[in-house]
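Asker: Before we start, here is the structure in question, set down as structure tokens.
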Amino acid sequence: MQDRLLGWNIPPEHSDMVHPYWRGFLAPGKFWHIGLALLYFMLMCMSLVGNGCVIWIFSTSKSLKTPSNFFVINLALFDILMMIEMPMLIINSFLERPIGWQIGCDIYAALGSVSGIGSAINNAAIAYDRYKTISCPIDGRLNGKQAAVIIALTWFWSMPFTILPMTQVWGRFAPEGFLTTCSFDYLTEDQDTRVFVGCIFAWSYAIPMTLIIICYSQLISSVRNHEKMLRDQAKKMNVKSLQSNQDKERSIEMRIAKVAFTIFFLFVCSWTPYAIVAMTGTFGNREVLTPLTAMLPALFAKTVSCIDPWIYAINHPRYRAELQKRCTWMGIHEPVSAHDGVSTTTERVSDEA
């Protein structure tokens, strides 16, 4: 078994699926495939419970059905799409090849493409919403219609670089790593592939990352300027603090912004390795790529899609309170004071929604 090369069980009629580069590596032992299958089964269960609870509670709780939280539900939907890949990968691990050959590979990669690109731009939308809500708390908050339009745009944003390679109009989907996962082809050496990889890197990674950095930078700058103004005014009036109810509300919004920033940090950790592997395979020294190094980014991405909902469970006071009421088996004990002052952004639906 250890003398077999990757692709040994791919019949000749499907041999063009596998790039010749991968055929130069020894096939991994069964224990690798079984270990990955077990790991992905656990991740699948975590994602199903975590993202299922987020969608259920945020969409049915009146106090959480706000424009800002629509983006949270949307992120959970993208993560659920990532979870749908996992049963396919478990089956692939036992078969040691893609189920359904090219069609199965296309379906698997398309789910990952929509989920990955969609969650990237949705994180940018969350960053923009946090910036508007905290920097302009009176007239800057998004209403329901505006949030719905932005959410629709996140789904449209994920379509071009999903449909084009799936139909092989530009680029294609192909097996990678242990040949049990599929992604866009970044190994074919032609000009079309290089331009495609460069464009998808900018579209799905660089542009969302830039938007997120701009929004959070502006947010931090706005908060610092506001705090400086309050300190200067307090000194002039010879008082200890000028903090008002609006400032307390702002503080709670900042806590939720920190949760969103944590989600963004996890996004960076999960998709940066994938970007590095793809850019290395296309423009760098591909000899450093091995089946294992190609599998790790996919594992990171799926792990983060499972962690996202638990970050909200740990840090979002009203969400924790709802979990405490509806899912007593989770053993959550949220102090009443932790969510008494939650602002209108997270406590009630605006009139425009």
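Asker: Could you pull out every one of the helices (runs of 4 or more DSSP H) wholly within the stretch 242-353 that has 1 or more residues that are in contact with a Gly (Cβ under 7 Å, 6 or more places away or on another chain) and modelled with pLDDT of 65 or more?
Answerer: Filter on the stretch 242-353 gives 245-283, 291-315.
Asker: So which residues in the stretch 53-100 are surrounded by fewer than 19 Cβ atoms within 10 Å (Cβ to Cβ) and among the charged types (D, E, K, R)?
Answerer: Matches in the stretch 53-100: LYS62, LYS65.
Asker: While we're here: Filter the stretch 7-41 for residues that are loosely packed, with under 13 Cβ neighbours inside 10 Å and free of Cβ contacts under 8 Å to residues at least 12 places away in the same chain and give the result.
Answerer: Result: PRO11, PRO12, GLU13, SER15, ASP16, PRO20, PHE31, LEU38.
Asker: May I pose another question? Looking at the stretch 186-196, which of the residues that are of a type outside the set (A, V, I, L, M) and outside any loop (DSSP other than H, G, I, E, B) is surrounded by the fewest Cβ atoms within 10 Å (Cβ to Cβ)?
Answerer: Applying the filter and picking the extreme gives GLN191.
Asker: Quick one: ILE55 ticks every box in (1) outside any helix (DSSP H, G or I); (2) in contact (Cβ under 8 Å) with a residue 24 or more places away in the chain bar one, so which box is it?
Answerer: (1)
Asker: Applying the selection to the stretch 161-185, what residues are in contact (Cβ under 8 Å) with a residue 24 or more places away in the chain, closer than 17 Å to LEU81 by Cα and in a helix (DSSP H, G or I)?
Answerer: PHE161, THR162, MET166, listed by residue number.
Asker: From ILE107, ILE103, grab the single residue that is assigned to a helix (DSSP H, G or I), free of Cβ contacts under 8 Å to residues at least 12 places away in the same chain and surrounded by fewer than 20 Cβ atoms within 10 Å (Cβ to Cβ).
Answerer: So the residue among ILE107, ILE103 that is assigned to a helix (DSSP H, G or I), free of Cβ contacts under 8 Å to residues at least 12 places away in the same chain and surrounded by fewer than 20 Cβ atoms within 10 Å (Cβ to Cβ) is ILE103.
Asker: From the set of residues in the stretch 144-190 that are β-branched (Val, Ile, Thr) and touching a strand residue (DSSP E or B) at 6+ places or on another chain (Cβ under 9 Å), which is farthest from ILE73 (Cα to Cα)?
Answerer: Taking the candidates together, the pick is THR188.
Asker: Output the residue which, of all residues in the stretch 131-185 that are surrounded by 14 or more Cβ atoms within 10 Å (Cβ to Cβ) and charged (D, E, K, R), is modelled with the lowest pLDDT.
Answerer: ARG141
The values are calculated or read from the model by the stated rules, or taken from the named source; none is laboratory data. Quick caveat: nothing in here was measured; it's all calculated off a predicted structure. Every residue, glycine among them, receives a Cβ derived from its backbone with ideal geometry; neighbour counts consider all protein chains shown.
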